[in-house]
Amino acid sequence: MQLIVAGKAHPQDKEGKHLVQQFIHFAGQPRVRHCVVFLEDYDMALAEHLVQGVDLWINTPRRPWEACGTSGMKVLVNGGLNLSELDGWWAEAYRPEVGWALGDGQEHHDPGWDAAEAGQLYDLLEQYIVPEFYDRDLQGIPVRWVGRIRTAMAQLAPHFSSNHMLREYVEQIYLPATARFRERTADGGRLAKELVAWHTVLEQCWPQLHFGTAQIQREDEHWRFQVQVYLGEVDPAWVRVELYANPWEGQDGVCEPMLQGEPLPGAVHGYLYRGRVPATQPAEHFPPRIIPMHPAARVPLEASQILWLR
């Protein structure tokens, strides 16, 4: 069974370079020198040779630091199996019949989590992966292992391929972008001019935006918010006021629009905004915020302003 350890540290990644140095020192020890090889300058050309002969590809980044996982995809189409952190492509591709997974798909900042995942890694190798690889029939074929390879290739290779990737880029990005371009340039560029005017006003007038007082009440299983919002010269139709919360304790994040209410006396574009969210988190987890809004604009790509209630 071949186990290949590969990686490349960023020039500014001192910890990563130190880890490579540690592995070189380990590989040079007499007791492991006969079964460990260190290959320098890992790149696509070297990876081409590695993936043709590897049986198991072990990928252990700290979530969420996995960029995408193309190396694991290359192993897949060469008949190798993946044991990887539930991050990048493997978070989408993993299922028990096609390989093995590390972690629980969540980010952990506890320093002890590395040790927990290391124990999980060794348990998987010792209890499941290595025994399955060496479980051979009378012809010396690892039937279960080969069956897993066939399942992985049949289920994953058609989906995680350059053809599939290119088709998704074309259908989800390039064609919609072309349609938006034509929409904006039609009728003498009417929509494009409207977006420029919208963006100019936001740039000039955003400092005028501010919150007033806010009231929060518990109402059965919900938090009810009421907040004063002063928009200055910005048209209320050009912004969105919402309640926002990050994911918390396994629950999904929340992004709930607030409704514009009655005008505030004596204010230009000052209004009461109201909103309600489930009381699944503490009320302070749902700070109101203001972001740009235009039905034809890509926010925050084309307008990144944001104002939080502090």
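Since every read-out is calculated from the coordinates, none of them should be taken as a lab result. Values in this document were obtained by computation on a predicted structure and should not be read as measured data. Using ideal geometry, Cβ is built from the backbone for each residue, glycine included, and neighbour counts are taken over all protein chains shown.
Here are a few things to note about the model shown:
- Degrees, to the nearest 10: 14-27 long Cα axis against longest axis of the chain: 10 degrees
- Placing unit charges on the Cβ atoms only, positive for Lys and Arg and negative for Asp and Glu, gives segment 14-160 a dipole magnitude near 400 debye about its Cα centre.
- Taking 304, 84 and counting other C-beta atoms within 10 Å, the order from fewest to most: 304, 84
- All-pairs Cα distance distribution in segment 45-84, expressed in whole percent, bin size 10 Å: 31, 53, 16
- In terms of surrounding Cβ atoms within a 10 Å radius of their Cβ, 18, 294 rank from fewest to most as 18, 294.
- Here the Karplus curve 6.51 cos²θ - 1.76 cosθ + 1.60, taken at θ = phi - 60°, turns the phi angles of segment 253-266 into couplings of x, 10, 9, 10, x, 9, 8, 6, x, 5, x, 8, x, x Hz, with x standing for Gly and Pro.
- Highest to lowest packing among 258-270, 240-252, 69-81, 91-103, scored as the average C-beta count within 10 Å: 69-81, 91-103, 240-252, 258-270
- Computed lengthening from residue 144 to residue 29, 0.36 nm per intervening residue step minus Cα-Cα distance: 37.9 nm
- Net charge dipole size for segment 164-293 [Lys, Arg +1 and Asp, Glu -1 on Cβ; Debye, nearest 20]: 360 debye
- When the charge dipole of the chain is built from unit charges on Cβ atoms (+1 for Lys and Arg, -1 for Asp and Glu) and taken about the Cα centre, the candidate among 292, 106, 278 whose Cα reaches farthest toward its positive end is 292.
- Using only side-chain charges placed at the Cβ, +1 for Lys and Arg and -1 for Asp and Glu, the dipole size of the chain relative to its Cα centre rounds to 580 debye.
- In percent, rounded to a whole number, the relative contact order of the chain is 10, using alpha-carbon pairs under 8 Å and six or more apart.
- Compared with the dominant Cα axis of the chain, that is its longest principal axis, helix 113-124 is turned about 40°.
- For the chain, the longest principal axis of the Cα atoms and the long axis of helix 143-156 meet at an angle of about 30 degrees.
- Given charges at Cβ of Lys, Arg, Asp, Glu: the chain dipole, positive-most of 152, 96, 130: 152
- Option label - volume of the Cα convex hull per residue in Å³ computed here, alternatives (i) 215; (ii) 127; (iii) 140: (i)
- Comparing 266, 201, 246 along the charge dipole axis of segment 197-308, the residue lying farthest to the positive side is 266, per the Cβ-charge model.
- An oblate overall shape is assigned to segment 195-273, the ratio a/c of its alpha-carbon gyration tensor axes (a ≥ b ≥ c) being 1.5 or greater and a/b not exceeding b/c.
- When peptides 154-161, 284-291 are ranked by their average number of other Cβ atoms within 10 Å per residue, the highest-first order is 284-291, 154-161.
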